[in-house]
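The numbers here are math on the coordinates, done by the rules we state, and not lab data. A quick note: this is a predicted structure, and the numbers were derived from the prediction, not measured. Cβ: placed from backbone, ideal geometry, glycine included. Neighbour counts: every protein chain shown.
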Amino acid sequence: MKSFLASLTLALAALSACQSAPVITTPLGSSRRSADWASYNMRRIGFLPIDGPGAGVHNAPDLQAALILELARTAELEFVALSQVDVEETVPSDPHRRGWYDPRTVLGLAQRYHLDGLMLTSLTHSQMYPPQRLALQMDLVSVETGLVVWSASLQLDAADAHVRQAVQSYRQTRRSMEDAPEPVEWTLLSPERFARFAAFELARLY
């Protein structure tokens, strides 16, 4: 009898572990590294203000902070959050009109903040009402060569089944860090939480 009870206890414990363990999903976005990626020593990265058509709709500074937090945790890099004022104090680039940063801006920021690279993020689409949608493009530029050495893109639609499954896995990985676990629906409905989920997905691509 004792043997049966012990076996039953172990089986229930195993079942509980299986139910609580997060389901690891494949990253929702895509990324690319340059052929000579390994030759770059990227330790201190300047994170430029988020631009793009959706930046005026979404809270860009909060999204920038979320991206920095997740990338710093995943890639173990040191990030310097740069503001629009920081950029304007160097050679003006007017990236919204030109579509790119002037090389003198890149060099000016690199020298001023002792940077190895610059992270450029474009929020190409943002829909903050249900179902939420976010589309982002990120490029890491080496200040040594001025070339893009890593890039990633991500498109999220809260109505998509794969996205909802990924949110479920994301919430499970976060429960161990929270005093009161949040329902999955909160992430799907809250622009702030959905942005943090997008940051988590982009960090997985690094």
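Hey, with R₀ at 25 Å, roughly what FRET efficiency would Glu182 and Thr26 work out to, going by the Cβ-Cβ distance, to 0.05?
Values: r = 23 Å, r/R0 = 0.94.
It comes out at approximately 0.60.
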(request) Could you tell me which GluC sites (Glu not before Pro) in region 124-206 are loop residues by DSSP with no more than 12 other beta carbons within 10 angstrom of their beta carbon? (result) Glu178
(request) Please give the residues of region 40-64, grouped as numeric ranges, whose backbone N is less than 18 Å from a label point set 7 Å along the Cα-to-Cβ vector of His125. (result) 51-59
(message) Can you give me the long-range amide H partners of Val80? Hydrogens built in the peptide plane at 1.01 Å from N, cutoff under 5 Å, separation of 5 or more residues or another chain.
(response) Ile45, Gly46, Phe47
(message) Taking 35 Å as R0, compute the FRET efficiency from the Cβ-Cβ separation of Asn41 and Arg175 and round it to 0.05.
(response) 0.45
(message) What does the charge count around Glu78 come to, taking other residues whose C-beta lies under 15 Å from its C-beta (Lys +1, Arg +1, Asp -1, Glu -1)?
(response) 0
(request) Search the structure for amide H atoms under 5 Å from the amide H of His125, placed 1.01 Å from N in the peptide plane, and list their residues when 5 or more places away or on another chain. (result) Gly54, Ala135
